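Read the figures in this text as sums done on the coordinates, not as results from a lab. Keep in mind that this is a model prediction, so the values were computed, not measured. Backbone-built Cβ (ideal geometry, glycine too); neighbour counts: all protein chains shown.
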Amino acid sequence: MDLHLHTPASEDWRDPDVTFLDWLQAAEAKDLDIVAMTDHNTVAGYARFKEELRRLEWLEKEGRILPEEKERLEAYRELLDKILVLPGFEFTAALGFHILGIFPPDTPIRKLELLLLRLGVPVEKLEAGSTTVGATEDVLTAYRLIREEGGLVIAAHANSTHGVMMRGLGIGGQTRIAYTQDPNLHALEVTDLGSRSRHSTARFFDGSKPEYPRRMHLIQGSDAHSLEADPQDKNRLGIGDRPTEIALEAPTFEAIKAVFESDEFDRVRKPRARTSRDPLAAVRKIGESETVAFHKRLSAKGGEQERIMRDVVALANTRGGKIVVGAGAKRTEPPIGVERPRVTMKMFQEEIARRVVPPLRVQMNLLQVRGKHVLFIDVPEGKEKPYALDDQEVYVRRGRETRMATREELIALVTGRPLPAAGETSTPPPEEKEKAKSSELAVRRSEPAEEGPIPPSDGVEIVGVEERKGKRRYIIRDLRNKTIVSDVSRESAKRLWEYAIQQHETVKFDPDRVTWFGDMGIWHVEYRAGKMRYDVVQRLPNGKYVIYYGVTEDGFTGPWAELLPIAKEMATLQMKHP
């Protein structure tokens, strides 16, 4: 547990733009079971956290929740199933001594605010999160009032600055005895828990001194004012960097209180050193593989972001796995880290939500490794394979490589069969072929026809359409990457596909409105997504027409090149007279 943690509601919080979901994810990354939100003289942080949860739950109940809000709510629920979050505060008593008050999770916010007012926090500073709040109650009165309201009373960093042991103040005596032996005090938070020195705090409060007869429960806490530790200052810890291990029957407030009110002092201790505190070392031990991908540095110009997105899709289509961003696979090589880590993590969350189809939930964690921020993306094996990037690109992870799926691999993904071994080809049974044709997102490689017209080198063709359950479903050929995707609806289509379906449904094709050049012609010109795009038409020998939507100038290759001068002239006229 870590019972001394600040949030963005504290005035001296050091991480800008951190959300409460980020806060909880940081606690999970440190394997914490119990945490307390203890902002300076306020419960505003805990109140905002609870309010966000209430709002998301209300939106879900009313049927108004958006997909990204639903995903956020589910992430909260998963974390709160693992972590007990307790409300509390760090109170500044008279003469500047700090006291932690920690309460059961069902304690009303208003009750805690009323308690802070009784302790002397001015109403105008009740949400400020400031350490300086003017004249307040003395230490012993604060102990009594917090305990009377059902809280745990813990003297914060007792052997350090603002601690009731009065280190460095040159005073003490009867006041120190009173402040550390008061019956309303449950525990002392110290910075040397586990020390075997004869000058340790534990030795001082072991009950052997006549003037300090009460043996005290001791804990440690991180006093974190940011998610991660400051590599330039060893005293500025992050969430979970200085936790306490406590033996409980169950992870509840009542169980903690029972230990602190008992004489079972051996149930609280400094956690044992972990054998693998470096998550990067554990992943590097596996190395680049079918389930682990490393990206040493993140560079937009180098296309690294796009390669990471392909890895996300590939791992979901294969066995799932982990993506490491900001460090390479070599064990001896120091991590480079990720610049603007929170912005980067949010960007990938948004890109995955926007570009991966069907929706895929991944878990992201930012961890400090040797003073650098490294992003870990955990990708589950998908339950709705195949997953595609931008509705068109299907990738798989084979060995150490991510590559576009072959025809055989696509059929296996659609039919639910295991992927064939690398280089292996197989013919599925007839019933599986039918399943592949009708399954959602049944994607296959588009092979050029032996006869017939040659399409442009980019743009989109609507190959077919059918009605199912009152909705139109389209088969779309994407000429940019030579793939065909079936079972596409107008709602699921994006960008160029959406435009093609919209044109198909709303604009009736009229060959008399086409500017013809032999059997090829230009039907419609439109400026879209920073480029002039052309809807072009091909007249077949049987009298039918094929329309290619959204072709750019780069798509006028082969026989279509002769049409390009006419297309440019039409574009010029379009720009002059839209």
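Here are the numbers for the structure shown:
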| quantity | calculated |
| --- | --- |
| Hull-based mean projected area of segment 2-267, where the convex hull spans the alpha carbons, in square nanometres | 15.0 nm² |
| Between segment 524-576 and segment 221-253, the Cα center-to-center distance that results, in Å | 62 Å |
| TRP516/LYS494 FRET efficiency (R0 51 Å; Cβ-Cβ; nearest 0.05) | 0.95 |
| Footprinting exposure proxy for ASP554, ASP263, ASP192 (fewest neighbouring C-beta atoms within 10 Å first) | ASP263, ASP554, ASP192 |
| Segment 446-576 - convex hull of the alpha-carbon atoms, volume per residue in Å³ | 123 Å³ |
| Calculated from backbone phi, Karplus (6.51, -1.76, 1.60) coupling profile of segment 6-16 in Hz, x at Gly/Pro | 9, 10, x, 7, 7, 4, 9, 5, 9, 9, x |
| Cα-based reach from LYS125 at 27 Å (exclusive), listing lysines while leaving out same-chain residues under 8 positions away | LYS50, LYS111 |
| Percentage relative contact order, the chain, counting C-alpha pairs under 8 Å, at least six apart | 8 percent |
| Per-pair calculated FRET efficiency, R0 = 35 Å: ARG54 and ARG214 via Cβ, rounded to 0.05 | 0.25 |
| 12 Å beta-carbon shell around THR252, net charge (K/R +1, D/E -1) | -3 |
| Loop-resident sites, segment 202-263, for trypsin sites (Lys or Arg not before Pro), counting at most 15 other Cβ within 10 Å (DSSP) | ARG214, ARG215, LYS234 |
| Percentage relative contact order, segment 30-92, counting C-alpha pairs under 8 Å, at least six apart | 64 percent |
| DSSP-assigned coil residues among GluC sites (Glu not before Pro) in segment 468-515, each with at most 10 further Cβ atoms within 10 Å | GLU491 |
| Cα-based equivalent ellipsoid of segment 279-405: semi-axis lengths in Å, sorted from largest, via gyration tensor | 23, 16, 12 |
| Long pairs among LYS322/LYS383; LYS70/LYS531; LYS82/LYS346; LYS383/LYS471, criterion Cα-Cα beyond 28 Å | LYS70/LYS531 |
| Cα-Cα separations in the chain greater than 40 Å, expressed as whole percent | 45 percent |
| Long-range HN-HN contacts of SER130 with modeled amide H, under 5 Å | GLU11 |
